[in-house]
Amino acid sequence: MGGRRKKKRVIRRRPRRPKSIYPCPICQREGVIVKIDKKEGRAVVACMFCGFSDTTEVMPGEEKVDIYSRIVDKVTGQA
Ligand SMILES: [Zn+2]
């Protein structure tokens, strides 16, 4: 322990996009935004076209895309 090599491998960070818009599972348009509320530990996934929206808990380490895909699974699984 303690002898971690530095700078050997750069971990690829996903670039932070100010706006991440995903395709909507309901209306198929690119209008879904994921908003993470870190204080609450929750996220809102909402489509700006058809009004679809859902709330989910955010697991540690989850990113917007993870949350988005979870919601899509949920929605398409129930359809
Ligand atoms: Zn939609």
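Each reported figure results from applying straightforward, stated rules to the coordinates on display, with no laboratory input. Worth saying up front: this structure is predicted, and the values here are computed from it rather than measured. All Cβ positions, glycine included, derive from the backbone under ideal geometry; neighbour counts span all protein chains shown.
Remark: spin-label model distance Thr55-Arg29 equals 2.5 nm, labels positioned 7 Å along the Cα→Cβ axis.
Computed 3J(HN,Hα) for the stretch 38-47, one whole-Hz value per residue from the Karplus formula 6.51 cos²θ - 1.76 cosθ + 1.60 where θ = phi - 60°, is 5, 5, 7, x, 10, 9, 10, 10, 9, 9, glycine and proline marked x. Remark on the stretch 21-78: ratio of C-alpha radius of gyration to 2.2 N^0.38 Å is 1.03.
Compute the FRET efficiency between Glu40 and Arg9 as 1/(1 + (r/R0)^6), taking r as their Cβ-Cβ distance and R0 = 30 Å, and round to the nearest 0.05. The calculated FRET efficiency here is 0.30.
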